[in-house]
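Below is one structure, written out as structure tokens; the observations come after it.
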Amino acid sequence: QVQLAESGGGLVQAGGSLRLSCAASGRMFSAYAMGWFRQAPGQEREVVAAITWSGGSTYYPDSVKGRFTISRDNAKNTVYLQMNSLKPEDTAVYYCAQATVPGRTMISDKTSFGFWGQGTQVTVSS
């Protein structure tokens, strides 16, 4: 069973930057699409970034496009989320997730992801 561990969250002022990391267990990390999601109190969990198993394609919603960048290092079994120009609206718990099936999958669809980390809090002050 895969285990995901997020790190890098914290408190930052508006306009600042953070880089989140997600370390995955297991040797099949490179075969799966990966994603970052966030959830604020009382709101639905939403995708903020996703990347294919090969790293050849990425997805971002309009709310973060141009500010967030997802990347992966398969040699380290790690996926990253670089967040720049942070806004108070970005405040949420951020989760790392792995797709339920290897290879090709619909990375813009949150139902493609079935393995979740514990989350890391990101708070952006105004």
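The values are calculated or read from the model by the stated rules, or taken from the named source; none is laboratory data. Source: prediction; values computed, not measured. Ideal geometry is used to build each Cβ from the backbone, glycine not excepted, and the neighbour counts take in all protein chains shown. Note: accessible area is taken over every heavy atom of the protein model, side chains too, but ligands, DNA and RNA are not part of it. Shrake-Rupley method; radii C 1.70, N 1.55, O 1.52, S 1.80 Å.
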Next on the checklist: Looking at residue 23 and the list (1) closer than 15 Å to residue 7 by Cα; (2) in contact with a Gly (Cβ under 8 Å, 6 or more places away or on another chain), which single condition is not satisfied?
Outcome noted: (2)
Next on the checklist: Name the single residue that is farthest from residue 48 (Cα to Cα) among those in the stretch 75-92 being without any contact (Cβ under 8 Å) to a residue 60 or more places away in the chain and open to solvent by less than 50 Å² (accessible area, probe 1.4 Å).
Outcome noted: 77
Next on the checklist: Please determine whether any residue of the stretch 49-68 is more than 17 Å from residue 80 (Cα to Cα), touching a residue at least 12 places away in the same chain (Cβ under 8 Å) and of a type in the set (Ser, Thr, Tyr).
Outcome noted: yes
Checklist entry - List pairs: first in the stretch 1-30 and part of a loop (DSSP other than H, G, I, E, B), second of a type in the set (D, E, K, R), Cβ under 8 Å, 6+ apart or cross-chain? => result 8/19; 14/87
Item to check | Among (1) open to solvent by less than 30 Å² (accessible area, probe 1.4 Å); (2) in contact with a helix residue (DSSP H, G or I) (Cβ under 6 Å, 6 or more places away or on another chain); (3) of a type in the set (Gly, Ala, Ser); (4) more than 19 Å from residue 118 (Cα to Cα) - the single one residue 31 does not satisfy | outcome: (2)
Checklist entry - What are the residue pairs meeting all of these: first residue in the stretch 98-111, first residue part of a loop (DSSP other than H, G, I, E, B), second residue small (Gly, Ala, Ser), Cβ atoms under 6 Å, and 6 or more apart or on different chains? => result 100/114; 102/31; 105/33; 105/99; 105/112; 106/112; 107/33; 107/50
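Could you tell me whether residue 11 is more than 22 Å from residue 111 (Cβ to Cβ), of a type in the set (A, V, I, L, M, F, W, C) and over 14 Å from the mean Cα position of the chain (by Cα)? Walk me through how you get there before you give the answer.
On the way: more than 22 Å from residue 111 (Cβ to Cβ): yes; of a type in the set (A, V, I, L, M, F, W, C): yes; over 14 Å from the mean Cα position of the chain (by Cα): yes.
Yes, satisfied.
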Checklist entry - Of all residues in the stretch 34-69, which are open to solvent by 70 Å² or more (accessible area, probe 1.4 Å) and charged (D, E, K, R)? => result 44, 46, 62, 65
